[in-house]
1. Would you kindly work out the equivalent ellipsoid of the chain from its C-alpha gyration tensor and give its semi-axes, the square roots of five times the eigenvalues, largest first in whole Å?
2. Quick one: what does P(r) look like for segment 148-259 with 10 Å bins over all Cα pairs, in whole %?
3. Enumerate by residue number the GluC sites (Glu not before Pro) in segment 43-112 meeting two conditions: DSSP loop (anything except H, G, I, E, B), and at most 15 other Cβ atoms within 10 Å of the site's Cβ.
4. If neighbour count is taken as other Cβ atoms inside 10 Å, put 58, 279 in order from fewest to most.
5. So who's got an amide H within less than 5 Å of the one on residue 133, skipping anything under 5 residues away but keeping other chains? H placed 1.01 Å off N, in plane.
6. What number comes out for the charge environment of residue 182, summing +1 per Lys or Arg and -1 per Asp or Glu over other residues with Cβ under 14 Å away?
7. For each pair in 46/282; 86/249; 219/249, compute the distance between the two Cα atoms and list the pairs where it is over 19 Å.
8. Just flag the chymotrypsin sites (Phe, Trp or Tyr not before Pro) in segment 171-234 sitting in loop per DSSP whose Cβ has no more than 12 other Cβ atoms within 10 Å.
Amino acid sequence: MSDTTFHRHRRLRRTQGIRKMVRETFLRKEDLIYPIFVVEGENIKKEVPSMPDVYHVSLDNLTEEMNRLEQHGVLSVIVFGVPGHKDQNGSEAYAEEGIVQKAIRHIKETNPALTVIADTCLCQYTDHGHCGIIEDGVILNDPSLHVLTDTAISQADAGADIIAPSNMMDGFTAAIRKGLDEAGHKDIPIMSYSVKFSSAFYGPFRDAAHSTPSFGDRKTYQMDPPNRLEALREAKSDVEEGADFLIVKPALSYLDIVREVKDETGMPVVAYNVSGEYSMIKSAAQNGWVDEKEVVMEKLTSMKRAGADLIVTYFAVDAAKWIDEEE
Ligand code: PBG
């Protein structure tokens, strides 16, 4: 006789075979985007102190890194530049011979099958470390849009497949879309950091990108973490302005936002698994406190379950290896 008083959910968990049959969410290698930090100079492969196994690499070491991605089946990379020179307006961000422009051309030449995404921001390039143009200590919205648009165009000119503006000025998606179109880049998509919270989880990245603001913080342009409705408004205006993908960042503490942005917009959604989220797991794993592979696969799969189509993660190559091991 069958039980009528309760359900036997455990039937579907009895063997690994059955568990696999009813699995609802899958992490694929195609979902992973690997961030890379490119620096001026030669023969550099230097570990970022607060991010074990993440490196600054110079152009001459870039191909080796890109080959490693391709070997493991990671299809896309997001490029961050660490320039040799910073100034008030971040002019290296849009220079034809800027570090990111050189890196993009390099990758497209040696590894043309990789999809190259350019992070479009100014904070690594300005001497004050803010993501926009400054006057009397105030971050100006509209003048920053011109510089960002020039940056995006120079990245597309260099061969970037996707432009990813991360600076959080209002109207950046519309301005960049217009600029790209006018410059003959109508077919280059924008992966907008549409929901970017002002987060303490970016700490290690600022170490890696040398982009800590020299005064104040980013709270007048990045979003306030408690706000959910505002996140949806940001996402919707980016869709109206012409974004092709929407990034939610950080990922782990914001999976509710990932789900809502996905459900509300139906757009391709990207979760950015940020530096602090990476380094916390890394350090716990190095101490033997958590199993790195199990924890990473669980959290990346959770991002997919929350509705992310793609994930930017410093664990991309490891995760690709682990996906192979499972198969
Ligand atoms: C630049 C930018 C940041 C990150 C990506 N692009 C840092 C910031 O806003 O301070 C963070 C990435 C990470 O923490 O992994 N605007």
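1. After scaling each eigenvalue by five and taking roots: 34, 23, 19 Å.
2. Final binned percentages: 14, 42, 34, 10.
3. Details: sites: 47, 64, 65, 70, 92, 96, 97, 109; in loops: 96, 97.
When the GluC sites (Glu not before Pro) of segment 43-112 are filtered for loop state and at most 15 Cβ neighbours within 10 Å, 96, 97 remain.
4. Details: 58 17, 279 21.
Sorted ascending by nearby Cβ count, the order is 58, 279.
5. When sequence neighbours closer than 5 places are left aside, the close amide H contacts are 140, 144.
6. Numbers: positive: 177, 178, 186; negative: 150, 157, 181, 187.
Taking every other residue near residue 182 into account, the sum is -1.
7. On the way: 46/282 17 Å; 86/249 26 Å; 219/249 15 Å.
The answer is 86/249.
8. Numbers: sites: 172, 193, 197, 201, 202, 205, 215, 221; in loops: 215, 221.
In loop regions of segment 171-234 (DSSP not H, G, I, E or B), the sparsely surrounded chymotrypsin sites (Phe, Trp or Tyr not before Pro) are 215.
Read-outs: derived from the displayed coordinates by stated rules, not from any lab. Only a predicted model underlies this, so the values are computations on that prediction, with no experimental measurement involved. Using ideal geometry, Cβ is built from the backbone for each residue, glycine included, and neighbour counts are taken over all protein chains shown.
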